[in-house]
Amino acid sequence: MNEMRLIKDYMNQDILRHELNELTKETFGFSFESWYTNGYFEGDYIPFSFEENGEIISNISANRMHFVQNGEKRYYIQLGTVMTAKAYRKQSLAKKLMEYVLETYEGACDGIYLFGNLGALDFYRKMGFEESVQYQYSLRDDVRADIQKKNAMTEDGRGFVKLDPADPKAKERYCNAVRNSVANGAFEQENKYSLQMFYTSNLKNVYYAEELNCFVVMGQDGDTLELQSVISPETVSLEKVISEIHFDYKKLLLGFTPRKEDADLFDAAVFDGGDDYRLFFRGSRLKSIEQERLYFPTMSHA
C-alpha cells in the first residue's frame with residue numbers, strides 16, 4: 001500500500017487531474033474538465049493535495065490573482081477548492097495543507113484571501129485569518145428611473161443583444177475581447193481570462209452592443225439585474241452601458257466596483273457575503289478592501 005503524499009501543481013497530469021475533478025464533483029457538484037480541455041486553464045490555478053493510492057483525498061488550491069486596484073498593481077493569492085473526502089475528514093489534512101500553502105506564499109505576495117464556506121468559519125479563524133466585508137454597488141433609483149424613461153421614449157432596436165452559443169465566430173470575438181479588455185472597474189483582475197471563461201464559456205449570459213463595441217455579462221433574478229462584467233477594448237462609461245440594457249428591472253447590482261468617474265451613479269452598501277460566504281484574509285494590504293470600499297469582481301471568485 002502506498003503512503004499518503006503531498007503533491008502540487010499537477011493540472012497537466014491527466015490521471016491526477018481526473019482524480020481531483022472527482023473529489024470536486026463529489027464535494028461541490030461541478031466539473032472543471034471541459035474548462036481544462038478547451039484551453040482555458042493557463043497555469044494560475046495550482047492545487048496542493050494529499051494523494052493516497054492514486055486518489056486525491058484532500059485539497060486546497062492557490063490561485064494567482066493580479067489586480068489593478070485603484071490604479072495600483074496588486075498580486076494576491078486566492079485560496080479555493082478547499083475539500084477533503086468524507087472518509088478522511090477529522091484527520092487535520094486541511095490544516096496541514098493550509099499550513100504548507102501559507103508557508104509557500106506568505107511574503108511572496110501582497111496578501112492571501114478566500115471566500116469561506118459558512119460551515120468552516122471556525123477553521124479559518126483558527127488558521128489566523130481575519131474577517132472583512134466588501135461594499136456592493138447598486139444603481140441609484142433616480143438614475144435607473146431616468147434611464148428607463150429615456151429608453152421608453154427612444155425604442156430604436158439598439159442595445160445589448162445576447163450572443164448565440166452556437167456561433168463560433170461570436171465566441172472567438174468574445175474570447176479575444178476578454179484577453180484584451182481594459183479595466184472598466186476600480187478593482188479589476190488583469191489575468192482574468194481563465195476565470196472569466198470558467199464562468200462564461202457557454203456564452204449563456206453574455207451580450208454585445210455593437211454601438212459601444214462592448215460585451216457584458218449579466219443575469220436577472222426576478223426584478224433584480226446583476227451586471228457582472230464589462231468587457232471592452234476602450235474604457236466605456238457605465239451610464240452608457242446601462243443605457244443600452246433594455247431589460248425590465250427595478251434594481252441593478254454591480255458584480256464589481258465602479259470607477260471613480262462612475263461612482264456617483266451608485267449607492268454603496270456593506271456586503272458580508274450573506275448566506276453564501278465570509279471574506280477572510282491574511283496580510284495588511286488586504287485591509288484596503290474594506291477601507292477603499294471595494295468589491296471582489298464576481299468573475300474573479302475561484
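The values are calculated or read from the model by the stated rules, or taken from the named source; none is laboratory data. Treat the numbers as computed from the prediction; the structure is a model and nothing was measured. When we count neighbours, we look across all protein chains shown, and the Cβ atoms used for this are built from the backbone with ideal geometry, even at glycine.
Test residue 289 against the stated conditions and say whether it is among the β-branched types (Val, Ile, Thr), touching a residue at least 40 places away in the same chain (Cβ under 8 Å), buried (at least 18 other Cβ atoms within 10 Å of the Cβ) and within 30 Å of residue 103 (Cβ to Cβ).
Values: among the β-branched types (Val, Ile, Thr): yes; touching a residue at least 40 places away in the same chain (Cβ under 8 Å): yes; buried (at least 18 other Cβ atoms within 10 Å of the Cβ): yes; within 30 Å of residue 103 (Cβ to Cβ): yes.
When the stated conditions are applied, residue 289 passes them.
Could you check how many residues of region 274-293 are touching a helix residue (DSSP H, G or I) at 6+ places or on another chain (Cβ under 8 Å) and in a loop (DSSP other than H, G, I, E, B)? Break it down into steps so the answer makes sense when it comes.
Residues of region 274-293 touching a helix residue (DSSP H, G or I) at 6+ places or on another chain (Cβ under 8 Å): 275-282.
Adding the requirement that they be in a loop (DSSP other than H, G, I, E, B) leaves 275-276.
Total satisfying the criteria: 2.
So which residues in region 7-29 are within 18 Å of residue 86 (Cα to Cα) and of a type in the set (Asp, Glu), if there are any at all?
Those that are within 18 Å of residue 86 (Cα to Cα) and of a type in the set (Asp, Glu): 19, 22, 26.
If only one of 131, 188 is surrounded by 18 or more Cβ atoms within 10 Å (Cβ to Cβ) and among the acidic types (Asp, Glu), which one is it?
Residue meeting the stated conditions: 188.
Mind counting the residues in region 36-48 that are over 17 Å from residue 64 (Cα atoms) and touching a residue at least 24 places away in the same chain (Cβ under 8 Å)?
1
Being closer than 22 Å to residue 234 by Cα, out of contact with any helix residue (DSSP H, G or I) (no Cβ under 8 Å at 6 or more places or on another chain), at pLDDT below 95 and charged (D, E, K, R) narrows it down to one residue among 173, 158; which is it?
On the way: 173 fails: at pLDDT below 95.
The conditions single out 158.
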